[in-house]
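So the structure is just underneath, and the comments pick up after that.
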Amino acid sequence: MVTVNAAKILINEYASHSNVSDIYINDANGHILAEDLYAIIDTPPFDSSAMDGYAIIYNDEYYKKNWTVIGEVQAGASVNSALQTNEAFRIFTGAKIPAVANTVVVQEKVNRQGNIFTIEKHILEKGSNVRPQGSQLKKGELILTKNSKLNAACISLLANIGISKVKVYSKPKISIIVTGKELIQPGTPLPDGMIYESNSFALKAALNELQIQPSTITITDDIKEDIIEAIQSNLMQDIVILTGGVSVGDYDFVAASLEQCGVKEIFHKVKQKPGKPFYFGIKNKTLIFGLPGNPAAVLTCFYEYIVPAIETYTKHIYYKTDNLPLINSYTKKTGLTHFVKAKTDGKTVEILNSQESYLLNSFAYANCIVELPEEEEIFEEGNIVKLKMIAHI
Ligand code: AMP
Ligand code: MG
């Protein structure tokens, strides 16, 4: 049996082989950039109008003149004819400023009769209402640095500059195999002796929180041949997560099945509660996690071990950790690290009732997991404990 810390170190040793892939910006939200990105054009790509109005060549005595409208530029159009002194182009927001013009008068500030207008005094400077070419970014300028997390604004900026694909750290390909003879899908009547299967739903939802879709979800009976077949057909994945049957009961075939598939056991059993039977092995580059079937153990092992493994691929840090004072006391036996469901307001933390590994109700209410060290027994109000945030406050 290994300690929690040893288990985490071992997983981290085997998990670090991140890949880089080119993806379309439409699929890039939430990814971490694996390259520095530079502007491939100036933006705006030309001097453009910030307002609906009239493009003119600025003159200090603009308010004393009569201006003649000689044409129109719509957004998207490109006009080649140049202006003369005291001439104007009708222009609209986003349209390219015609040659020689350097200033835009907003339409509300002119008095127009037919094709002639005058301009109010004190409203204009040279360059007013013009967005200069390259004023956001010049071609070749650094836009976003490697390891930036892409969000909606970043993706908007990339599209704006004409970049359609980016290099990001790839998400790992992950399969889920749920084992257990007693399992039946929710939504169907419950036969005597059976229970509703919840682990595949828990893991899929937990992966979705990381914006990862599992490649496959297989549900098998506690039959060794079926488990072996499910493992073999998923060994090309980066990560395989199994639940159930990982302990030492007569029908717990997962560890033996993994061995038969050539998976090398790195550890089996961790000094923790819940999730003591937790298994970790590797085959080639595939990481295999065998989680006990108890639903709370599944989610605990997911947040404590599988998320950090995924982080080595995606370069994300998904869940923050913190150290906060307890507002209630808690007692446990020594010998195992306990991961307990808790609720924090960001200043203090309360350990919840119902910590048994088959109970999900406290998990559903919790927003963090508190780690209580192996050799400690009594935790008093005010003691500082380490926690991992798993949901919003
Ligand atoms: P096991 O690890 O197979 O000994 O299962 C431990 C406990 O978890 C048993 O009470 C199982 O019935 C339950 N369990 C196993 N798999 C699931 C599952 N997919 N969904 C809900 N409960 C499960
Ligand atoms: Mg079982």
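The values are calculated or read from the model by the stated rules, or taken from the named source; none is laboratory data. Predicted model only: the values in this text are computed from it and were never measured. Note that each Cβ is placed from the backbone with ideal geometry, even for glycine, and that neighbours are counted across all protein chains shown. What goes into the accessible areas is simple: the full protein's heavy atoms, side chains included, and nothing from ligands, DNA or RNA. Shrake-Rupley method; radii C 1.70, N 1.55, O 1.52, S 1.80 Å.
Of all the listed residues (Y303, Y330, Y358), the sole one being surrounded by fewer than 22 Cβ atoms within 10 Å (Cβ to Cβ), touching a residue at least 12 places away in the same chain (Cβ under 8 Å) and within 16 Å of ligand 2 (Cβ to nearest atom) is Y358. The set of residues in the range 82-114 being in contact with a Ser or Thr (Cβ under 6 Å, 6 or more places away or on another chain) and more than 15 Å from S128 (Cα to Cα) consists of E87, N111.
Inspect all residues belonging to the range 14-28 and state whether any of them is at positive phi, in contact (Cβ under 8 Å) with a residue 60 or more places away in the chain and out of contact with any Asp or Glu (no Cβ under 9 Å at 6 or more places or on another chain).
No, that holds for no residue.
Here are some residues: H338, H392. Which one is at pLDDT below 95 and either farther than 17 Å from P295 by Cβ or crowded, with 19+ Cβ neighbours inside 10 Å (or both)? Break it down stepwise before answering.
On the way: H338 fails: at pLDDT below 95.
After ruling out the rest, the residue left standing is H392.
If the condition is being touching a helix residue (DSSP H, G or I) at 6+ places or on another chain (Cβ under 9 Å) and of a type in the set (A, V, I, L, M), then the range 162-184 contributes I163, V166, V168, I174, I176, I177, V178, L183.
Among residues of the range 173-198 that are more than 17 Å from P295 (Cβ to Cβ), those with a Cβ under 6 angstrom from a residue that is at pLDDT 95 or above and not in a loop (DSSP other than H, G, I, E, B), sequence gap 6+ or separate chain, pair up as I174/I239; S175/T216; S175/V240.
Yes/no matrix, rows are residues, columns are (1) within 13 Å of ligand 1 (Cβ to nearest atom); (2) free of Cβ contacts under 8 Å to residues at least 60 places away in the same chain:
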site	(1), (2)
I239	no, no
E259	no, yes
I266	no, no
K276	yes, no
G281	no, yes
L287	no, no
V298	yes, no
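The number of residues in the range 180-201 being more than 7 Å from ligand 1 (Cβ to nearest atom) and either in contact with a Gly (Cβ under 8 Å, 6 or more places away or on another chain) or basic (K, R) (or both) comes to 1. I'd like to check something: does the range 276-294 contain any residue that is out of contact with any strand residue (DSSP E or B) (no Cβ under 6 Å at 6 or more places or on another chain), within 16 Å of ligand 2 (Cβ to nearest atom) and polar (S, T, N, Q)? Yes; the residues of the range 276-294 include at least one that is out of contact with any strand residue (DSSP E or B) (no Cβ under 6 Å at 6 or more places or on another chain), within 16 Å of ligand 2 (Cβ to nearest atom) and polar (S, T, N, Q).
Taking A205 as the residue in question, decide whether it is exposed (fewer than 15 other Cβ atoms within 10 Å of the Cβ), more than 27 Å from the chain's Cα centre (by Cα) and modelled with pLDDT of 95 or more.
Considered against the rule, which asks whether it is exposed (fewer than 15 other Cβ atoms within 10 Å of the Cβ), more than 27 Å from the chain's Cα centre (by Cα) and modelled with pLDDT of 95 or more, A205 comes out as no.
Taking (1) of a type outside the set (A, V, I, L, M, F, W, C); (2) farther than 27 Å from E259 by Cα; (3) under 21 Å from the mean Cα position of the chain (by Cα) in turn, K333 satisfies each apart from (3).
Taking the conditions (1) within 26 Å of S18 (Cβ to Cβ); (2) away from ligand 1 (no atom under 11 Å from the Cβ); (3) open to solvent by 40 Å² or more (accessible area, probe 1.4 Å); (4) free of Cβ contacts under 8 Å to residues at least 60 places away in the same chain in turn, D221 satisfies each one other than (1). Screening I56, I23, I11 for residues that are more than 30 Å from S170 (Cα to Cα) and open to solvent by less than 60 Å² (accessible area, probe 1.4 Å) leaves exactly one candidate, I56.
Quick check on G244: is it more than 16 Å from ligand 2 (Cβ to nearest atom), among the small types (G, A, S) and either more than 18 Å from S200 (Cα to Cα) or open to solvent by less than 10 Å² (accessible area, probe 1.4 Å) (or both)? Working first, answer last.
Details: more than 16 Å from ligand 2 (Cβ to nearest atom): no; among the small types (G, A, S): yes; either more than 18 Å from S200 (Cα to Cα) or open to solvent by less than 10 Å² (accessible area, probe 1.4 Å) (or both): yes.
So G244 fails the test.
Please determine, by comparing only the residues of the range 336-351 that are among the hydroxyl-bearing types (S, T, Y) and under 13 Å from C368 (Cα atoms), which one is nearest to the chain's Cα centre (by Cα). Within the range 336-351, the match that is nearest to the chain's Cα centre (by Cα) is T344. Among the criteria (1) away from ligand 1 (no atom under 16 Å from the Cβ); (2) touching a residue at least 60 places away in the same chain (Cβ under 8 Å); (3) of a type in the set (A, V, I, L, M), the one L157 does not fulfil is (2).
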